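Worksheet: one structure, shown below.
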């Protein structure tokens, strides 16, 4: 992927200002035979994946493993080993009363010394991002600020979850890895005539397949459309009516809508 980007954009860096500039170069390069159609789609998919809101890839609040500010270093090390985490949030009363993050590497620096300290003595300041920020823009922010973990907050400032650099990279790389296998996995017709659809299907693709005219706003996937309609996290089995189709939530994965069953669709 890096070699492909260098081949196309190294000589054209001075004219690249926007995503549209990149896509224009891709189109010209494909017509000139510099890259294949598959390579064009691969690079374009980076932008599509990057539009995913960060709350869809975060560790939700209920699954966050955090420790209280007065925990002893010995106990903290046990928690880190047990849960195989290199970073742990630290709080005063609850997760909304956050002090920051403890890094395992910081513990190693003082481990074995005669200093008697608590976890709060080596805490790093927390970093916050809004839950609707996209994966790609969050990744850029991580790089610009040299951070690898951030807390996702809702519109009231409460902690919705946390996201790591690994989460962001896994989302982009994992999706790219499956990019050319996805079409056959995006939807499946059942014997009763209904369909099971992946919540991450692009809304543009869904409209083409099911002949609908749903409009993209701050979301680009079917799951995003349902979130926008409900303005909350749906439950398994919940039915959502967005004419002309009724959607049933078949499976939630953390806070992400994984699979949806659709009704009222006439071919």
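No other residue among 82, 87 is at pLDDT 85 or above and more than 22 Å from residue 142 (Cα to Cα) apart from 82. Going through (1) surrounded by fewer than 16 Cβ atoms within 10 Å (Cβ to Cβ); (2) modelled with pLDDT under 85; (3) more than 22 Å from residue 138 (Cβ to Cβ) one by one, residue 170 falls short only on (3).
The rows are residues; the columns are (1) touching a helix residue (DSSP H, G or I) at 6+ places or on another chain (Cβ under 9 Å); (2) surrounded by 14 or more Cβ atoms within 10 Å (Cβ to Cβ).
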site: 84; (1), (2): no, no
site: 98; (1), (2): no, yes
site: 101; (1), (2): no, yes
site: 107; (1), (2): yes, yes
site: 120; (1), (2): no, yes
site: 136; (1), (2): yes, yes
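Scanning region 62-74 for residues that are farther than 30 Å from residue 256 by Cα and surrounded by fewer than 12 Cβ atoms within 10 Å (Cβ to Cβ) returns 70, 74. With respect to (1) assigned to a loop (DSSP other than H, G, I, E, B); (2) surrounded by 18 or more Cβ atoms within 10 Å (Cβ to Cβ), the lone exception for residue 88 is condition (1).
Take the conditions in contact with a strand residue (DSSP E or B) (Cβ under 8 Å, 6 or more places away or on another chain) and surrounded by 15 or more Cβ atoms within 10 Å (Cβ to Cβ) and apply them to residue 79. Does it pass? It is true that residue 79 is in contact with a strand residue (DSSP E or B) (Cβ under 8 Å, 6 or more places away or on another chain) and surrounded by 15 or more Cβ atoms within 10 Å (Cβ to Cβ).
Only a single criterion out of (1) surrounded by fewer than 13 Cβ atoms within 10 Å (Cβ to Cβ); (2) in a helix (DSSP H, G or I); (3) modelled with pLDDT under 90 is not satisfied by residue 144, namely (3).
Quick check on residue 193: is it exposed (fewer than 11 other Cβ atoms within 10 Å of the Cβ), under 17 Å from residue 132 (Cα atoms) and at pLDDT below 90?
no
Of all residues in region 224-240, those that are in the same structural domain as residue 201 (by TED's automatic domain parsing) have Cβ atoms under 7 Å from Cβ atoms of residues that are surrounded by fewer than 12 Cβ atoms within 10 Å (Cβ to Cβ), 6 or more apart or on another chain, in 228/217. Looking at region 234-253, is at least one residue farther than 19 Å from residue 41 by Cα and modelled with pLDDT under 85? Looking for residues that are farther than 19 Å from residue 41 by Cα and modelled with pLDDT under 85, one finds at least one in region 234-253, hence yes.
The values are calculated or read from the model by the stated rules, or taken from the named source; none is laboratory data. Since this is a predicted model, take the numbers as computed values, not measurements. Note: ideal-geometry Cβ built from the backbone for every residue, glycine included; neighbour counts use all protein chains shown.
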